[in-house]
Amino acid sequence: MNTTTSSIALQAGNNWWTGTITIKLDGSIDPPDAPVAREGNIYKLIKNIKSYGDGIIVERDNIVIDGAGHAIQGTESIREMCGVCLFGRINVTIKNLRIENFPFGIFLNFSSNNSIYGNIIVSNKDTGIYLNHSSGNIIGENNIKDNPFGIEIRHSYSNSILKNEITNNWLGIHVYNSSYNKIANNNITKNGQSGIFLELTSDYNIINENNILLITDGIVIIHSSNNVVSRNRILSEVKGFNGIRLCGALNNIIAENDIENCGFGIYLYHHSDNNTITRNNLTGHRHIAIIIEQSANNLISKNKVKSNDLYGIELASSSSNIIINNVIEGNIFGISLDASRHHEPSSNNVICENNISNNQVGIMVGSSHNIIYHNYFRNNTEHVHSPPGLQNTWNDDYPSGGNYWSDHECVDKYSGPNQDKPSSDGICDKPYVINSDNVDRYPLAKPVSSITLTPTPTATETIIPTLTETTTPNTTPSPISTPTGTSTLIETSSPLPASIDYAIGAIVAVIVVVLVMLALRRHR
């Protein structure tokens, strides 16, 4: 993950000017004695500024505000003041400033296609950078620390938040009712409440390749859909709260993330349905690596769930999910089917083609009416713990078969549904008895070939949907045309494409439902 930090050196000494600077619509500077040198459309500070109101008010489009390493310092005397204010502005660049002690460091309201980069934004009383009804902006390579909110995005679309250092804020990045934004390659460390928080129909956003060191939650998605959370590195130093948490969130993709040492690695609850959790590495979590609670029709596939303190994967009062082709190794409990949390069963789930190895208990059964087949049970202290009276199906029909059990004394001399015809068929001649209510009728003589020990993508394989230029929200602005003086980051970047092709997510959801229904119908 490449991140770039700002290297502004604050101009020292008594080099201060007091007041508010306005860049007027006609390009003039008010007051005329303000410490700003103008060269065409570039406005460069030549002194530090202290203000009892706003710092700089921009009324002109297509200009560059270059702090040249100087500071704008507020006095927090009026709540709505800001260090740099853009209202209805287009194509303004703000760079190389230190902004501190305002309610809002930089405030964009109904402003589009602006660039904010290379700034230090520290110790403001509300928000470091605030976007309201503002779209197509790029916020990059800033150092944003010690604010209540690092970056706030409200009712805003198609913004890019790239390569920022976001540290020691109460909340790192807050996205509210905002869609089609990209948050990528940021270092987001030790923010008190959450690193990244999406809520209230913040849809079709991409959260990609961020490095998050968390105190409480890493990434939170509340009542928002069709987001992609991919290739992030999420670590807790204290085995704290949640790496990724979803509540009432639908059709999201959580893929190829490395999540370590949290309380819960990935936590879906309160009707978070039709999500895909795939190719993640989850290790060292205090409680549960992946928990699905009161949620349905989720796909959990090709994850590596290893060496967690208690549970690898738990379904808690959750039905019609698929757990397929995961490596679940070295946990106390590999998989749990729980009904105790909400006194509702976890039923109609399919668990297949998983490598369940070296756990104390491979599967802890607390619910009935699930189908469990084609799994590889190896060297668990107890492969299955199932109390009397609970009944699940432990094999597919013949000749597909059941599971591979490392402690089963398998002889394969016969074939057929009743194992009474001469010749081997890859199915053990005798069933594997878990207890009187649960029997694998067709235990496998060897693991199925689709089971994998290292679920990592190949060089040419990816699950991240492609971005396509299709339908755009009405608020999406035209492409950026940056003035002279912008950074390489801004010049080589473009606004996030207006729409994301999520056909793959819809297909996965349909497949999940169809497979569950067909599998369970066969075994009734």
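Below, the figures for the structure above:
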quantity	calculated
Region 59-68, residues that are under 35 Å from the mean Cα position of the chain (by Cα) and either surrounded by fewer than 17 Cβ atoms within 10 Å (Cβ to Cβ) or part of a strand (DSSP E or B) (or both)	N62, V64, I65, D66
Qualifying residue in region 287-305 (condition: within 20 Å of E209 (Cα to Cα), of a type outside the set (D, E, K, R) and not in a strand (DSSP E or B))	yes
Set L337, L315, L299: member being over 24 Å from the mean Cα position of the chain (by Cα) and either of a type in the set (S, T, Y) or at pLDDT 95 or above (or both)	L337
Region 152-170 residues that are modelled with pLDDT under 95, paired with ones that are of a type in the set (A, V, I, L, M) and surrounded by 19 or more Cβ atoms within 10 Å (Cβ to Cβ) (beta carbon under 9 Å, 6 or more apart)	none
Hits in region 1-56 - residues which are loosely packed, with under 13 Cβ neighbours inside 10 Å, in contact with an Asp or Glu (Cβ under 7 Å, 6 or more places away or on another chain) and either hydrophobic (A, V, I, L, M, F, W, C) or modelled with pLDDT under 95 (or both)	L25
Selection count where residues are of a type in the set (G, A, S), within 13 Å of F104 (Cβ to Cβ) and more than 34 Å from the chain's Cα centre (by Cα), scope region 69-93	1
Test: I371 is among the hydrophobic types (A, V, I, L, M, F, W, C), touching a Ser or Thr at 6+ places or on another chain (Cβ under 7 Å) and either more than 20 Å from I291 (Cβ to Cβ) or modelled with pLDDT of 95 or more (or both)	yes
Whichever residue in region 210-231 is among the hydroxyl-bearing types (S, T, Y) and not in a strand (DSSP E or B) and, among such residues, is farthest from G265 (Cα to Cα)	S224
Out of N325, N331, N297, sole residue that is out of contact with any Lys or Arg (no Cβ under 6 Å at 6 or more places or on another chain) and over 21 Å from I222 (Cα atoms)	N331
Residue list for region 408-440, filter: aromatic (F, W, Y) and surrounded by fewer than 18 Cβ atoms within 10 Å (Cβ to Cβ)	Y414
Residues (buried (at least 24 other Cβ atoms within 10 Å of the Cβ) and not hydroxyl-bearing (S, T, Y)) located in region 280-302	N280, L282, H285, I288, A289, I290, I291, I292, N298, I300
Members of region 303-339 that are among the aromatic types (F, W, Y) and either surrounded by fewer than 24 Cβ atoms within 10 Å (Cβ to Cβ) or more than 20 Å from C262 (Cβ to Cβ) (or both)	F333
Unmet criterion (only one of (1) farther than 23 Å from L315 by Cα; (2) surrounded by 24 or more Cβ atoms within 10 Å (Cβ to Cβ)) for N252	(1)
Sole residue being over 18 Å from I57 (Cβ atoms), surrounded by 23 or more Cβ atoms within 10 Å (Cβ to Cβ) and not polar (S, T, N, Q), chosen from I138, I116	I138
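The values are calculated or read from the model by the stated rules, or taken from the named source; none is laboratory data. Just so we're clear, the structure is a prediction, and the values are computed from it rather than from any experiment. Heads up, the Cβs are rebuilt from the backbone with ideal geometry, glycines too, and the neighbour counts pull from every protein chain shown.
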